[in-house]
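Okay, structure first, notes after.
Just so you know, all these numbers are worked out from the coordinates, no wet-lab data involved. None of the values given here were measured: they were computed from a predicted structure. Note: ideal-geometry Cβ built from the backbone for every residue, glycine included; neighbour counts use all protein chains shown.
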Amino acid sequence: MTKITYWGMALFSLIFSASEAIAADVARPTQLGLREAASPQMERITWFHDHLLMYVIVAIVVFVTGLMIWVAIRYNQKANPEPSKTTHHVMLEIAWTVLPIIILIVIAVPSFKMLYYLDRVEEPEMTLKVTGYQWYWGYEYQDYEGVNFLSYLIDEEDIDESKGQKRLLSTDNVVVLPIDTNIQILITSADVIHAFTVPAFGFKKDAVPGRLNETWVRIDKPGTYYGQCSQICGIKHAYMPIEVRAVSKEEFKAWVEKAKEEYANDNTALSPMQVAVLEGVK
Ligand SMILES: [Cu+2]
């Protein structure tokens, strides 16, 4: 590829992706940095990365590079034919032990604070249970009886771009969630280890068979958000995306009413044990 074509393509994708970014949350070609935050969780992660880690990393790189250049120029064989015989320097040794400790503490304190914040929410307003399968996701709205469904990738040949569907990201059944609501998310798996990840919300949790992991989210703004399984789980690992539509609380209520009818008798997202219990109750 010639240089001109390359830069032309880069420019095109930049202009194209900038306009596309408003419609839905996807990774853009040539994008730098983290995905735009759509939750207080992701806002904190972005702050931590952009405004703390980045400064620390840049300062260390500049300092070490400067030191290496200085040593190479000042102490090479020509400039310094008689090397020093010094083997110990107490102040220097204290400095290179204490300084990294201070740097690590500066990173660790906000890091631990954030870990606890991301871990769980005290009083969730609703709960979504997610189950990973080879190779699709199952969703149960535990506060709304009967709203459970499976969610599969839409095949490439069936993608309808006029509906805003995206290759490798759009699913047949979309997870609808309300904004401004503390949502508890319980994550498990029915076969192998998967990972439930939506970058704009700032969570990535393993879905482990026989274990229930927990996280939470509070979505800031309406929109469509995408995620993918992030734990290599088999041959179709790349084909089990997550599509979330965040809507207002009123729209969510209306959706629940519709979903109750649409997914009635759909017990496919439930485990055989849950189905047995349900059928026993009836
Ligand atoms: Cu998976």
| field | Compactness relative to 2.2 N^0.38 Å, alpha carbon Rg of region 170-230 | value | 1.14
| Using bins 5 angstrom wide from zero, how does P(r) for region 40-119 break down, in % of all Cα pairs? | 3, 11, 14, 17, 15, 11, 9, 7, 6, 4, 2, 1
| remark: Quick calc, the chain, dipole around Cα centre from Cβ unit charges on Lys, Arg (+) and Asp, Glu (-), nearest 20 debye, gives 1420
| Taking Rh as the Kirkwood radius, which is the inverse of the mean 1/r over Cα pairs, what is the Rg/Rh value for the chain? | 1.12
| More than 14 Å apart: what percent of Cα pairs in region 124-211 qualify? | 69
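Rank these for me by crowding, ARG35, ARG245, going from fewest to most other beta carbons within 10 Å.
Fewest-to-most Cβ neighbours within 10 Å comes out as ARG245, ARG35.
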| said: Filter LYS163/LYS204; LYS113/LYS236; LYS204/LYS236; LYS236/LYS260; LYS113/LYS253; LYS221/LYS258 down to the pairs with a C-alpha to C-alpha distance above 26 Å, please. | reply: LYS163/LYS204; LYS113/LYS236; LYS236/LYS260; LYS113/LYS253
| task | Please identify, among SER162, SER248, SER230, the residue showing maximal mean-square fluctuation in a Gaussian network model of the chain using a 10 angstrom Cα cutoff. | result | SER162
| request: Rank-order 192-201, 117-126, 66-75, 139-148 by packing density, defined as the average count of other C-beta atoms within 10 Å over each peptide's residues, highest first. | output: 192-201, 139-148, 117-126, 66-75
| query | Please state the equivalent ellipsoid semi-axes for region 126-269: what are the square roots of 5 times the Cα gyration tensor eigenvalues, largest first, in whole Å? | reply | 21, 18, 16
